[in-house]
Amino acid sequence: MPTDPSPRNPGRRRVVVVSGGTDGMGRALALARAERGDSVVVLGSNPDKGRRLRAEAERVGAAGRIDFIQVDLSGVAATRAAVERIAERHRVVDALALFANRHATRRTVTAEGLERTFALYYLSRVLLGDGLAPLLRRSADPVIVNVSGTGTVQGRVHLDDLQLERRYSTVAAQLQAGRANDLLGVAFAARPDNPIRYVLYHPGFTRSGDLSPLPAPVRVLLRVAARVAARPVADAIAPVHGFIDHPPEAPLTAIDRGRPVPLTLKTLDPGDARRLAEATEALLHARCPG
């Protein structure tokens, strides 16, 4: 039966959807929200990790508060189907926290013909935000938190080559999707009569995430660097709790490692946001109509 949390109660239990919620920061946020009494919907591709997450929720006294939906978020149809499943179970969603991302050392293409990093790190966030917007609008204080790399100015969106067919590298793919998420926040927040607050959040280098896709030497170097310089996961997600509990007043907020990012930054240009939104719509219509 769909849930409908009581509105306008600051201590109320929320419905929180977390993409990429079986690893790293997403997992930590999901468990913490469940411990607080929220109903948490976790989207992830690995069923074993989903089972372990639910078992951990039981161990910390939050049994039954995490609903795991197995989905490969690099798939457009699969992501749309996950949105439908959420809508079947919940009338209201209060917060959407977007973490799903994975580094790819070589260019791979999904069954729908999309470059996988772009599909997972950017397109899934477009689809989840758009698809869950009707449920978010029913919340008293709805918010989307897009955890990416806002404030970073390196990289750009290649409108002439969104699928990086001519210039793929792991770094180029990550930077393009990161800048696309910046523009996604700008475009979403500019929608008329939109009560949903949008937060772009860059946590900085954090002891988080699944390093398994990376070569062994890179994994070793990152683990060594993390012990020296990375933030603990609990510190990195603390601001996300604040955004969920007390969404900002402004339609769009950008935070880079605790510092506000001026919305005049070149990576947050409204014109670029409109152009990317149009290109994204055209891409989805051409490759994955529905």
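Details
- Screening residue 65 with (1) surrounded by 15 or more Cβ atoms within 10 Å (Cβ to Cβ); (2) under 14 Å from residue 20 (Cα atoms) gives one miss only, at (2).
- Hey, residue 32 at pLDDT 95 or above, part of a helix (DSSP H, G or I) and within 25 Å of residue 119 (Cα to Cα) or not: no
- Top-ranked residue in region 68-81 [being without any contact (Cβ under 8 Å) to a residue 40 or more places away in the chain and under 15 Å from residue 129 (Cα atoms); ranked as surrounded by the most Cβ atoms within 10 Å (Cβ to Cβ)]: 78
- Among (1) of a type in the set (Val, Ile, Thr); (2) assigned to a helix (DSSP H, G or I); (3) surrounded by fewer than 18 Cβ atoms within 10 Å (Cβ to Cβ), the one test that residue 126 misses: (3)
- For region 130-151, the tally of residues that are in a helix (DSSP H, G or I) and surrounded by fewer than 21 Cβ atoms within 10 Å (Cβ to Cβ) stands at 4.
- Scanning region 17-61 for residues that are among the β-branched types (Val, Ile, Thr) and within 15 Å of residue 233 (Cα to Cα) yields a count of 1.
- Some residue of region 46-59 being modelled with pLDDT of 95 or more, in contact with a strand residue (DSSP E or B) (Cβ under 7 Å, 6 or more places away or on another chain), among the acidic types (Asp, Glu) and surrounded by 15 or more Cβ atoms within 10 Å (Cβ to Cβ): no
- Test: residue 164 is surrounded by fewer than 23 Cβ atoms within 10 Å (Cβ to Cβ), of a type outside the set (S, T, N, Q), touching a strand residue (DSSP E or B) at 6+ places or on another chain (Cβ under 7 Å) and in a loop (DSSP other than H, G, I, E, B): yes
- Counted residues, region 66-113 - those being in contact with a Leu (Cβ under 6 Å, 6 or more places away or on another chain), within 18 Å of residue 290 (Cα to Cα) and in a loop (DSSP other than H, G, I, E, B): 3
- The residues of region 252-290 that are in a helix (DSSP H, G or I), over 18 Å from residue 199 (Cβ atoms) and not hydrophobic (A, V, I, L, M, F, W, C), listed by number, are 266, 271, 272, 274, 275, 278, 280, 281, 285, 287.
- Of all residues in region 1-22, those satisfying the criterion of being modelled with pLDDT of 95 or more and either farther than 22 Å from residue 140 by Cβ or part of a loop (DSSP other than H, G, I, E, B) (or both) are 14, 19, 20, 21, 22.
- Qualifying residue in region 195-202 (condition: crowded, with 18+ Cβ neighbours inside 10 Å, touching a Leu at 6+ places or on another chain (Cβ under 7 Å) and either at pLDDT below 90 or among the β-branched types (Val, Ile, Thr) (or both)): yes
- Only one of 229, 250, 238 that is among the aliphatic types (A, V, I, L, M), modelled with pLDDT under 60 and under 21 Å from residue 150 (Cα atoms): 229
The values are calculated or read from the model by the stated rules, or taken from the named source; none is laboratory data. Just so you know, these numbers come straight off a predicted model, no measurement behind them. Cβ atoms come from the backbone with ideal geometry, glycine included; neighbour counts cover every protein chain shown.
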